[in-house]
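The values are calculated or read from the model by the stated rules, or taken from the named source; none is laboratory data. Note that this is a predicted model, so its numbers are computed, not measured. Cβ coordinates were reconstructed from backbone atoms using ideal geometry, including for glycine residues, and neighbour counts include every protein chain displayed. Accessible surface is based on the protein model in full, side chains and every heavy atom, while ligands, DNA and RNA are left aside. Shrake-Rupley method; radii C 1.70, N 1.55, O 1.52, S 1.80 Å.
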Amino acid sequence: VTRPLRTQVAIIGAGPAGLVLSHLLAARGIDCVVLEDRSREYVEHRVRAGVLEHPTVELLRAHGLADRLDREALVHRGVQIALDGRRHRIDFEDLTGRNITVYGQQEVVKDLIAARLSAGEPIVFDVSDVRVEGFAGDEPFVRYRNGEGSVTLRCDVIAGCDGFHGVSRPSLPPGALHIHDREYPFAWLGILARAAPTTDELIYSNSERGFALYSMRSPEITRLYLQVDPDEDINDWSDDRIWGELTRRLPTSEGFTLLDGPILEKAVTPMRSFVATPMRCGRLALAGDAAHIVPPTGAKGMNLAIADVTVLAAAIDALERTGDESLLADYSDTCLQRVWRVQHFSWWMTSMLHRFNDHDDFQHQLQRSELRWVLHSRAASTALAENYVGLPFGRIYPEEAR
Ligand code: FAS
Ligand code: PHB
């Protein structure tokens, strides 16, 4: 049985992009349905990002979505970068007057889902066979299957917020997209451990053995990452081997101790830079990881996804309220300004902090010189800080001629 349903916006995916978009649209009185192919349990426990930019927290707070965040999250006023075992602090508040917040992506997702469901707004979990169609015209629709059979959901706009492996980007006609991508000669092995953090700020460490990152989730949980080979097999890494390598790469000399503990989760994350342009085809708009991927070194993936949907919500509002399609037509160009700024920042952080091949000593000397400049020059550390805490939403260079 195919039941025709109708809404204004069909959102594919209940990750940060899809869920924030659903709240931004509801705040503007626009109906939407969120379709998610996993269970609520699964999406609420998927361990991923951990750093929220300043504008992201401001947005969540402005929409009444930050109550638990304000109670439980960790506000960080700076970040530490270690070179040759010596730590240097980048003071965000001194350099930019702003800070960042450490709060797991899965916590953000839990809060967004709870808020949407308590408002009586639909999220359809465990859907299957999602297909996006008709978006070349002005009557797009989504077909999917759920427990009761197959459904056709008619709408005005489809928001493809279904991540890198979703169905939306591949649904664009052949040749509609230009793909820009870059692979890196390494990956990150990430762990979540029940071990109390012994520092109250993140430490990014460039060591001759390779990159390591010390992060956290709460006073009881640390989140740590190691640079490994791109095809690393997680089964080759015992807990002891992981803790041993972290100890060798983190600056444990200067009064920083690394407490170990039971590892609750471990996974290898590939590193890539990827942008699909344009981010829209007719009435199908791509947002977040469906359109772009950044290496996690800049802590940008989730924040960039949320930035996209602040632009998309305004564009959809104009279309639904007055029939004006101009903001939707501008959607991709407006987002891509920030996407490429964030791509560059994430590539820059990655190129400064990771160990590249051993034979290019010239590149190695350039890397060390650039990192020392960032750690010792106020101008250079301000450049890092303003990108790290997050640029204001909207067009990042508003003064530029349109
Ligand atoms: P998401 O991938 O989060 O959400 C897409 C949603 O769509 C998912 O719930 C998925 O189940 C659903 N979906 C997929 N196909 C569908 C279909 N056909 N039908 C319906 N639903 C469908 N970023 C950082 O900043 N720091 C990090 O440390 C970090 N670590 C990461 C580790 C891993 C393993 C991964 C994969 C990503 C990591 N990221 C990190 C990036 C990550 O946080 C993303 O940038 C962020 O989740 C992007 O959010 P969305 O665009 O909403 O996509
Ligand atoms: C995290 O805490 O998961 C984290 C922090 C900073 C990054 C990437 C991941 O750059």
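Of the helices (runs of 4 or more DSSP H) lying entirely inside the stretch 1-97, the ones with 3 or more residues being farther than 25 Å from Arg169 by Cβ are found at 54-62, 67-72, 92-96. Annotation note: of Ala276, Ala305, Ala285, the sole residue that is touching a helix residue (DSSP H, G or I) at 6+ places or on another chain (Cβ under 6 Å) and part of a helix (DSSP H, G or I) is Ala305. Restricting the first member to the stretch 295-315 and to residues that are more than 15 Å from Val108 (Cα to Cα), and the second to residues that are near ligand 1 (Cβ under 7 Å from one of its atoms) and in a helix (DSSP H, G or I), the beta-carbon pairs closer than 6 Å and six or more apart or on different chains are Asp308/Gly288; Val309/Ala17. Considering Leu336, Leu353, Leu312, the condition of being within 20 Å of the chain's Cα centre (by Cα), open to solvent by less than 10 Å² (accessible area, probe 1.4 Å) and closer than 19 Å to Ala299 by Cα is satisfied by Leu353 alone. Every listed requirement among (1) within 14 Å of ligand 2 (Cβ to nearest atom); (2) outside any strand (DSSP E or B); (3) exposed (fewer than 14 other Cβ atoms within 10 Å of the Cβ) is met by Glu201 save one, (3).
Tell me yes or no: at least one residue of the stretch 301-308 is over 10 Å from the mean Cα position of the chain (by Cα), crowded, with 18+ Cβ neighbours inside 10 Å and closer than 22 Å to Ile234 by Cβ. No; the residues of the stretch 301-308 include none that is over 10 Å from the mean Cα position of the chain (by Cα), crowded, with 18+ Cβ neighbours inside 10 Å and closer than 22 Å to Ile234 by Cβ. Residues in the stretch 116-161 that are surrounded by fewer than 20 Cβ atoms within 10 Å (Cβ to Cβ), part of a helix (DSSP H, G or I) and not hydroxyl-bearing (Ser, Thr, Tyr): Leu117 alone.
Of all residues in the stretch 30-45, none satisfies being within 16 Å of ligand 2 (Cβ to nearest atom) and surrounded by 15 or more Cβ atoms within 10 Å (Cβ to Cβ). Scanning the stretch 162-181 for residues that are charged (D, E, K, R) and either near ligand 1 (Cβ under 10 Å from one of its atoms) or surrounded by 14 or more Cβ atoms within 10 Å (Cβ to Cβ) (or both) yields Asp162, Arg169.
Of all residues in the stretch 317-333, those being assigned to a helix (DSSP H, G or I) and either within 22 Å of the chain's Cα centre (by Cα) or of a type in the set (D, E, K, R) (or both) number 7. Can you find even one residue in the stretch 243-265 that is modelled with pLDDT of 95 or more, touching a helix residue (DSSP H, G or I) at 6+ places or on another chain (Cβ under 9 Å), open to solvent by 10 Å² or more (accessible area, probe 1.4 Å) and within 16 Å of ligand 2 (Cβ to nearest atom)? Scanning the stretch 243-265 turns up at least one residue that is modelled with pLDDT of 95 or more, touching a helix residue (DSSP H, G or I) at 6+ places or on another chain (Cβ under 9 Å), open to solvent by 10 Å² or more (accessible area, probe 1.4 Å) and within 16 Å of ligand 2 (Cβ to nearest atom).
Taken as a whole, the stretch 268-283 holds at least one residue that is modelled with pLDDT of 95 or more, open to solvent by 20 Å² or more (accessible area, probe 1.4 Å), among the hydrophobic types (A, V, I, L, M, F, W, C) and closer than 17 Å to Phe211 by Cβ. Scanning the stretch 356-401 for residues that are open to solvent by 70 Å² or more (accessible area, probe 1.4 Å), in contact with a helix residue (DSSP H, G or I) (Cβ under 8 Å, 6 or more places away or on another chain) and of a type in the set (Lys, Arg) gives a single hit, Arg378. Annotation note: of Arg77, Arg86, the sole residue that is open to solvent by 20 Å² or more (accessible area, probe 1.4 Å) and either away from ligand 2 (no atom under 16 Å from the Cβ) or touching a Leu at 6+ places or on another chain (Cβ under 8 Å) (or both) is Arg86. Kindly list the number of the only condition in (1) in contact with a strand residue (DSSP E or B) (Cβ under 7 Å, 6 or more places away or on another chain); (2) within 21 Å of Pro296 (Cα to Cα) that fails for Asp239. Just one mismatch for Asp239, condition (2). Residue count for the stretch 215-225, restricted to those that are away from ligand 1 (no atom under 13 Å from the Cβ) and either in a loop (DSSP other than H, G, I, E, B) or surrounded by 21 or more Cβ atoms within 10 Å (Cβ to Cβ) (or both): 3. Each residue in the stretch 173-196 was checked for being assigned to a loop (DSSP other than H, G, I, E, B) and under 23 Å from the mean Cα position of the chain (by Cα), and 1 pass. When every residue of the stretch 33-54 is checked against the conditions, at least one turns out to be among the acidic types (Asp, Glu) and in contact with a Lys or Arg (Cβ under 6 Å, 6 or more places away or on another chain). Residues of the stretch 102-115 that are in contact with a helix residue (DSSP H, G or I) (Cβ under 6 Å, 6 or more places away or on another chain) and in a loop (DSSP other than H, G, I, E, B): Tyr103 alone. Does at least one position in the stretch 195-213 carry a residue that is aromatic (Phe, Trp, Tyr) and out of contact with any helix residue (DSSP H, G or I) (no Cβ under 8 Å at 6 or more places or on another chain)? No - not one qualifying residue is present in the stretch 195-213.
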